[in-house]
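The structure under discussion appears below in the form of structure tokens.
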Amino acid sequence: MSLSRSLWKRSPVLSWAAYDWANSAFATTVMAGFFPLFFKQYWAAGLESSTTTFMLGSINALASLLIVCFAPLLGVVADKGGSRKRFLLYFALMGIVMTGALSLVEQGGWVPALILYGLAVVGFLGSNIFYDALLLNVAQEREFDYVSALGFAFGYLGGGLLFALNVLMTLHPDFFGLPDAAAAVRLSFLLVALWWGLFSVPLLLYVDERAPPSLGLRENIRSGIAQLRSTLGEVKALRQVALFLLAYWLYIDGVDTIVRMAVDYGLALGFASNSLILALLITQFVGFPAALLFGHLGERYGPRKGILLAIAVYLLVVFWAYRMESEWEFYLLALIIGLVQGGVQSLSRSFYARLIPAGKAGEFFGFYNMLGKFAAILGPLLMGGVSLLTGSPRLSILSVALLFIAGALVLLRVD
């Protein structure tokens, strides 16, 4: 056995975190970076800016809605059948194939681009349900904060490294033997698919599920539906779980909306596309050490205080973004977001892992992801709708502040 293979097998935590390294390439290069930019300037060139913003918000919302509808049931079925890794593989394959197919879409093909992107987002979001649930298989409760943060740190570093290469390709396509920046972006989609697939392998091989054997798909679905009804009752009865899910639903809406719509917002203000992409790189590499730092903060002071700190920073970012005029401000805001983005995500996951009943990680993380992705329906639609109705991107970004404020107020009631 090679040394590298032995390392993955000896440390399930590293194998688990490797999946964040894998799929964060999609979140960074495709979802946050190149797709909004390429869609606006290449696939949908000639359409009004407010129209493309609405389209982008709508396809993100639709993909999230599909996950909302099926996440809890999928989580229950995966728990019953001991098949979290299998479901993760199915969704990851969907995301990988659809992302690679984006490289084949020609200029002006905004319809197939939207369809492929929407399906890739479904694959990305769906696989995360089972990835999050597997946290309980690789860490003990006292380790949740740090291990969760480690996953996000791996994601920032891995996603950032590939994104840096992709950005370099678009800035200097001739150095890589490419005819132009458009060819470089299309090649980047293919590289993301390969990266996502390659670094998913350690989790699939070396993370044990320790779950009951499957009774068969039909029996698991029937049992899962019955268990889902029971889980709904449990969520209502477990007041702290219900309160946290409500708070998470609100504040993660703002986080996800900023991730997905930041480049579109910068383009609407007239900022250069290269500046926006470089700002995203700053977020990635600042996010790596910052996510680890938030893991230590969660261990020392508790995850709720860390989440509230991150929400306060996001509010500052939203109000500043509403008034900003210069590209240097976008760079600075990207730096600030990088300090808290991984922290609020990792501490939310570890905080929730403490609240849920033992042995039901898949179904309860199904609800967790359902609410997180339902929030990603409202946020992009809110920005897209306000932009379409008012023609003002500044008002659209300002509306996100309401979600952070409401989420913080509910979180204060969670023990």
Requested in this report: Pop a pseudo-label 7 angstrom from the Cα along the beta-carbon direction at both residue 246 and residue 300 and give the gap in nm to one decimal.
Outcome: 3.3
Query - Cα-projected label distance for residue 238 with residue 66, points at 7 Å along beta-carbon direction, nm - result: 2.9
Query raised in the report: Ordered by packing density, taken as the mean number of other Cβ atoms within 10 Å over each peptide's residues, highest first, how do 350-356, 119-125 rank?
Result: 119-125, 350-356
Report summary line: Taking a crude spin-label model, label points 7 Å out from Cα along the C-beta direction, the residue 354 to residue 90 distance in nm is 3.4
Query - Gyration tensor verdict on the stretch 84-131 (Cα atoms; rounded if a/c is under 1.5, prolate if a/b is larger than b/c, oblate otherwise) - result: prolate
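Throughout, read-outs are computed from the coordinates displayed, never taken from laboratory work. The structure displayed is predicted, hence computed values, not measured ones. Positions of Cβ are generated from backbone atoms using ideal geometry, with glycine treated the same way; all protein chains shown enter the neighbour counts.
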